[in-house]
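The values are calculated or read from the model by the stated rules, or taken from the named source; none is laboratory data. Just so we're clear, the structure is a prediction, and the values are computed from it rather than from any experiment. Cβ atoms come from the backbone with ideal geometry, glycine included; neighbour counts cover every protein chain shown. Ligands, DNA and RNA are excluded from the accessible area calculation, which covers all protein heavy atoms including side chains. Shrake-Rupley method; radii C 1.70, N 1.55, O 1.52, S 1.80 Å.
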Amino acid sequence: MLLTAVTFLPLVFALLIACVPSQQTRMIRVASLVFSLIVFAVSVVLVARFDRSTAALQFAERLPWVPELGISYFLGLDGISLWLVVLTTFLTPVIILGSWESISTKVKGFHASLLILETAMIGSFLAMDAILFYVFFELSLVPMYFMVGIWGGTRRVYATLKFFIYTMLGSLMMLLAIIYLMYAHHDTVGLFSASLLDFYKLQIPFVAGTFLNPQTLLFFAFALAFAIKVPMFPLHTWLPDAHVEAPTPGSVILAGVMLKMGTYGFMRFVIPLFPEAAGYWAWLFIFLGLVGIVYGALVAMVQPDIKKLVAYSSVSHMGYIIVGLFAMNVYGATGGLYQMLNHGVSTGALFLLVGMIYERTHSREIVKYGGLAKALPIFTILFLIVTMSSIAVPMTNGFVGEFLILLGTFEVSRVYGVVAVTGVVLGAAYMLWMVKRVFFGPAGELVKDDHHPLVDLNLREIVVMAPLIVLVFWMGLFPNHFLDYSKASIEHLIQTRDAYQLTIHTSAAPGAASGVTSEVVSAAETAEARK
Amino acid sequence: MNMQLLQDVVLVSPLIALFAMSLLPVMMKVFQGNREPNPYVTLFIGFIGLSLATGLTAALSGADKTAFSGAIVFDGITAWMSYLVYLITAVALMLSFDHVATRGRQFAEFVFLMLSSVLGMIILIMSNDLIVTFIGIETMSLCLYILCAMSKEDVLSKEAAFKYFILGSFASAIFLYGIAFIYGTVGSTIFPDILESVGTLISTNTLFVVGLAMVTLGFAFKVSVFPLHAWTPDVYHGAPTPVTAFMATAVKASTFVAFLRLFESEGYGDAVQFQNVLQWLAVLTMLIGNVAAVMQDNFKRMLAYSSIAHSGYIMVGLIAAGFGNNFDAGATSVIFYLFSYALMTLGTFAVVAMFEKAENSTVGMNELKGMANRYPLLSLSLTVLLLSLAGIPPTLGFFGKFYLFSAAIEQDMYWLVLWGVINSVISVYYYLRPIVMMYMSDDVPVEIVGTNGMTRLTVIFTAALIVVLGLMSSPVLKAVQRSVTNLF
C-alpha cells in the first residue's frame, strides 16, 4: 500500500485543492505545501523501510488491470528508482515554496497541475508494468504542457506544443514496441503479459551488424522515446525552448525530474531488455553523449540569457549520464544514477536562483548585470555554491557523480574519457565566465539602477535554498549515505546484464506480493546461479 | 411455418416498437391540427421508443439466431451495437432539443426522422444479406438527407443536404451495382454464402472482385474513407450540429459493423492486392483527415476532418480483422474503438452546439479564447474529450487506439501501424489548439447563451465517462469480446 500511497496521494490532494475556492490563494499555497510535505514524509518512510541488501523489487503491489491483455497495476521499488522517487517528492515542496510569489495568476490550477504531475512522475518511476509505465509517462506531459503554456513566457505556446509533440512522437514508437513485446510474450509463453519482469525473461532475436532485426528495432524504438526525453543530441532542440519559456517552477521540475524519466528509462528498459543491442550500439550512444557534452557546453558558453545557459548546461550534463550508463560498468552506472540526482539538485537550484533574480529585475540578460556580489551578498554566496556543484568541484555532489562516470568511461576507452574530461573543463569555463560577468566587475545597468534598488534574499527564499545547499554538501561528502541503497541494484544490473531478471522481495512488504506467481529467489542466489 | 414467422417477428420487435413510437409525435401533430406538440412530450416519446427498443433487444439478447431465411442475424454484435446506437440517439435527441436549429416548429418531424434513421441503422447492424444491407443504408440515408436540411434559415444546411443527397445516391448506385456483380458470381446475396466463396473467387473471378470493390466503395462513402470522403467536411459543417454529431457517430458505428461482417472470412487471407488497396485507403484517409484538420480554423470543420482521420484508424482494425488469422481480436478492437469514438465525438460536438447562437453561426477557434476563465468545468471536459481524441492515456481514446494497434501488430502489419502512429502525432497538434485557445489566452471569453442544460450535461457526462471507462476499460473490453465471440 505504501507505493500506491506515495503515488496517488498527490492526485488526491490535487482534487482536494480543486475544491478550494480559487480566491483563497494563500490557503491553496499553504495546503499544497503541507500536502507535498506529507508525500515527502511517506517517501522518507520508504527509505527507512528499504532493504538495501537486495536487488529485488520491494513493496511490490500487483493487481490485474486489463487481464485480457495481461496488463496489471504493478508497482515496485528497487535501488534504481528509490532515490528518483525521493528526488521528486523532495523537489515538489521546494518548488511550491519557491513559487510562493512568482505564480500570482490561476494559483489553484498551478498547484493542482503540479500535484498531478508529481503523481505522474512518481508513477513512472514505480510502474513495473510496461503499459502502466506508458500511461504515467504520457500523463506527465499534460500538466507540464499546461504549466509551460499558461504560466510561461511570451513564446510559451510554441514551446509547449513543440515539447508535447516531440515527446509524443518518441513515446508512441515505444508504445508499438511494448505491444510487440506483449505479443512476443504471448507467442513464447502462451499468456499475455505486460509485466517488465516477464519481458526481462524474453529472448529477443538479435543479429549484430544489421538494422532490420527485432531486437535492434525494439531497442531503437525505446531508445528514441527516452533519448527525446533526456534529451540527447541531436534531439535536444525542444529543451532550450521549453526551459526558457517555462515559469521557474516548471523549469525546476522539468530539469530536476522529467529529464530523469528518460535516463531512468534507459536503465530500467533499454539496457536490461535489449542487452545485445544495447551492447552493440553502446558506441553510438556514448558518441552522441560525448557530442552532447561538448556541444552543450560550447553553446552554453555563448548564450546571452542566463536561463538558456543553464538549459544548455543541462544538455551537457545529461550527456554525462548517458555516457555513464552506456559505459556498462559499475562505476559508470553508479555515476550515472548519482549524476541524475545531482543534476536534479544543482540544476534545480540554479533555475530557482535564476528565477529569484528574474523576479527582482525582470531580465535574464547577462550583459545587463555585473557587480551583483556587492548588491546581493547572500544570493551571491548561494549561487557560487551551486555553481561549484554544477562544475563538479570536490566536496560537492557534482564531483562524485562526474568522477565515477569518468572512471567508468576510461575503463571503456581512453579516447572517450579524454573527450568527456574536456567537458568538465568547458563546464567550468562557461559557468565561471557567467559568474564573473554577472557577479563581479563594474555594476551593470540593472544593478546600479537607483530607482529599483535590489533587495537580497528574504527568509522564504533562504528556506527554499537551504535544503538544496545542504544536499549539495551532504551528497558530496557522504555519497555512501545514498549509494549504499542503490549498490545492490546497480551491481545486479551490470553483472547479470545479459540475462537480467528481477524478482519480488517478499520480506520487506509482507502480504503485498500475494497472488504473484513469480518464484521468489533472492538476488544473491540469482547472481550466483549465473556465475 | 406461421410459428417460424412469429419468431422472426419477435426478433425484429425492437424495430417495430421503435417505428411505432416514432410515428406517435407526428400523429399527435396531425390530429391537433398541425400544431406542434409540447417538445418535452415529443422528447419523452422519443426516449420511450429508444428504451422500449433497448429493453426488447436486451430481452432477446444471448440468442444467436437468424430470421427471415437468414437475411437478419441477431447475435452479440447486433445487441451491443444496437445499444450503442440507441445511446447515441438519446444523446443526439437531447442535443437537438437544446439546439437553436432544431428546436423550432418541427421537432415532432425531427424526432420521427431521427428514429426512422435509427431504424435503418439497426437493419444495417442486423443485416446478414447484401440486399437487406442496402435497404438499411437507404432507410438511414434518406432520413439523414432531410435531417441535414432541418436548419430552416441556413443556406449551408440546404447545400449540405443537397450535396449529401446527390453524392449519396451515386454511392448507393455503385453499391447496388456491386451487389449485382456479387450475386451474378456467387449466386446468393446472403453473407455466409458470399464469405464461403470468397477464398476461391477472389483470386480467380474478376467480376467478383469488381463487385466486391464496388460494395467496398459504397461502404467507404458512408464512413467517409478516401477517396469518397470529400463530402464529409461540407455536410458535417452545414448540417445542424446535433445532426452532425448523430451522423458522425451512429452512421459510422452501424456502417462499420456491416462492413465488418463482410470481412468475417478466412478467404481474404491470400488476397494480397485487395489488402494492399485497403491499406493504402486507410493510410490516405488518416493522412488527408489529419493534415486537412491541421489547417482548419472552424471548429466544426476541424472535427469533420478529424472524423475522417478516425475512419482511417478504424480501417486499421478492420484490415487486421479481415486479412489476419484472428477475426475476433480485430473485430473487438473495431467495436471498442467505435464505442470510445462515439462518446468523445458526441461530447465535442455538444460543445460546438453550445457555442452556436444562431442558426447560421460558425464557431471559429478564436471563440474559444479564454473560455477556461469563465467556464472551468466545461473547459476541463472539452480538454478531456480532445485529449481522448488524440489518444493520450489514461482516457478511453488511448485504450481504443491501443487495442486497434495491438490487433494490427498481432497480424504483423507494422507499416500500417507506423502510419497510424505518425498520424496520431499529427493529430495532437490540432487537438491541442482548442486547449491552447481556452487556457493560454487572456481574452475576454464569449458568453454562452440560450438553453443548454442537457447539452452541458452531455459534455460533462461524456468527459467523465471517458476518464472512468479509460481507467476501467477491462469490463468494457470483456463485454465487447463476449459479444464478438458469441457470433462465431
Being of a type in the set (Ser, Thr, Tyr), without any contact (Cβ under 8 Å) to a residue 40 or more places away in the chain and open to solvent by less than 10 Å² (accessible area, probe 1.4 Å) is the filter here, so list the residues in the stretch A:142-199 that pass it. A:Tyr145
Which is under 19 Å from B:Asn128 (Cα atoms) and either at pLDDT 80 or above or assigned to a helix (DSSP H, G or I) (or both), of B:Gly70, B:Gly62? B:Gly70
What about A:Ile469, is it at pLDDT 90 or above and not charged (D, E, K, R)? yes
Which condition number does A:Ala41 fail, the rest of (1) free of Cβ contacts under 8 Å to residues at least 12 places away in the same chain; (2) farther than 22 Å from A:Tyr485 by Cβ being met? (2)
Consider A:Trp83 against the criteria (1) part of a helix (DSSP H, G or I); (2) within 14 Å of chain B (Cβ to nearest Cβ); (3) open to solvent by 10 Å² or more (accessible area, probe 1.4 Å): it satisfies all of them except one. Which criterion is unmet? (2)
Residues located in the stretch B:470-481, provided they are in a helix (DSSP H, G or I) and either free of Cβ contacts under 8 Å to residues at least 40 places away in the same chain or farther than 16 Å from A:Tyr73 by Cβ (or both): B:Ser474, B:Pro475, B:Val476, B:Lys478, B:Ala479, B:Val480, B:Gln481
The residue from B:Gly317, B:Gly322, B:Gly312 that alone is in contact with a helix residue (DSSP H, G or I) (Cβ under 7 Å, 6 or more places away or on another chain), at pLDDT below 90 and open to solvent by less than 10 Å² (accessible area, probe 1.4 Å) is B:Gly322
Would a scan of the stretch B:354-364 turn up a residue that is more than 14 Å from chain A (Cβ to nearest Cβ) and either at pLDDT 90 or above or more than 25 Å from the chain's Cα centre (by Cα) (or both)? yes
Any residue at all in the stretch B:430-442 that's of a type outside the set (Ser, Thr, Tyr), free of Cβ contacts under 8 Å to residues at least 40 places away in the same chain, over 30 Å from B:Asp75 (Cβ atoms) and in a helix (DSSP H, G or I)? yes
Hey, among B:Ser340, B:Ser333, which residue is of a type in the set (S, T, N, Q), within 30 Å of B:Met437 (Cα to Cα) and crowded, with 24+ Cβ neighbours inside 10 Å? B:Ser340
Return yes or no: is A:Thr54 over 16 Å from the mean Cα position of the chain (by Cα) and either open to solvent by less than 30 Å² (accessible area, probe 1.4 Å) or closer than 28 Å to B:Phe399 by Cα (or both)? yes
Picked from the stretch A:19-74 (must be assigned to a loop (DSSP other than H, G, I, E, B) and within 14 Å of chain B (Cβ to nearest Cβ)), the residue modelled with the highest pLDDT is A:Gly70
Is it fair to say A:Val400 is open to solvent by 30 Å² or more (accessible area, probe 1.4 Å), at negative phi and part of a helix (DSSP H, G or I)? no
Selected residue (criterion: least open to solvent (accessible area, probe 1.4 Å)) from residues of the stretch B:428-445 that are under 17 Å from B:Ile308 (Cβ atoms) and within 10 Å of chain A (Cβ to nearest Cβ): B:Val428
Inside the stretch B:85-115, the number of residues satisfying the requirement of being in a helix (DSSP H, G or I) and either open to solvent by 10 Å² or more (accessible area, probe 1.4 Å) or of a type in the set (Val, Ile, Thr) (or both) is 13
Note on the stretch B:1-56: residues aromatic (Phe, Trp, Tyr) and in contact with a helix residue (DSSP H, G or I) (Cβ under 7 Å, 6 or more places away or on another chain) are B:Phe19, B:Phe47
The residue from B:Asn373, B:Asn325 that alone is within 14 Å of chain A (Cβ to nearest Cβ) and outside any helix (DSSP H, G or I) is B:Asn325
Which residues, taken from the stretch B:144-160, are part of a helix (DSSP H, G or I) and open to solvent by 10 Å² or more (accessible area, probe 1.4 Å)? B:Tyr145, B:Ile146, B:Val155, B:Leu156, B:Lys158, B:Glu159
Just checking, which of B:Leu346, B:Leu389, B:Leu380 is of a type in the set (A, V, I, L, M), within 19 Å of B:Val294 (Cβ to Cβ) and either away from every other protein chain (no Cβ under 14 Å) or in a helix (DSSP H, G or I) (or both)? B:Leu389
Test: residue in the stretch B:402-412 that is open to solvent by 30 Å² or more (accessible area, probe 1.4 Å) and either of a type in the set (Asp, Glu) or in a helix (DSSP H, G or I) (or both): yes
For residues that are open to solvent by 10 Å² or more (accessible area, probe 1.4 Å) and more than 9 Å from every other protein chain (Cβ to nearest Cβ), tally how many sit in the stretch B:413-427. 3
Residues that are within 13 Å of chain B (Cβ to nearest Cβ) and among the aromatic types (Phe, Trp, Tyr), at least 2 per element: which helices (runs of 4 or more DSSP H) completely within the stretch A:92-195 meet that? A:130-139, A:141-151, A:156-189
Checking the condition among the aliphatic types (A, V, I, L, M) and within 19 Å of the chain's Cα centre (by Cα), which residue from A:Ile321, A:Ile306 passes? A:Ile321
Pick from A:Ala48, A:Ala56, A:Ala18: which is in contact with a helix residue (DSSP H, G or I) (Cβ under 6 Å, 6 or more places away or on another chain) and farther than 28 Å from A:Lys108 by Cβ? A:Ala56
Taking the conditions exactly as written (touching a residue at least 40 places away in the same chain (Cβ under 8 Å) and either over 16 Å from the mean Cα position of the chain (by Cα) or crowded, with 17+ Cβ neighbours inside 10 Å (or both)), does B:Ser141 satisfy them or not? yes
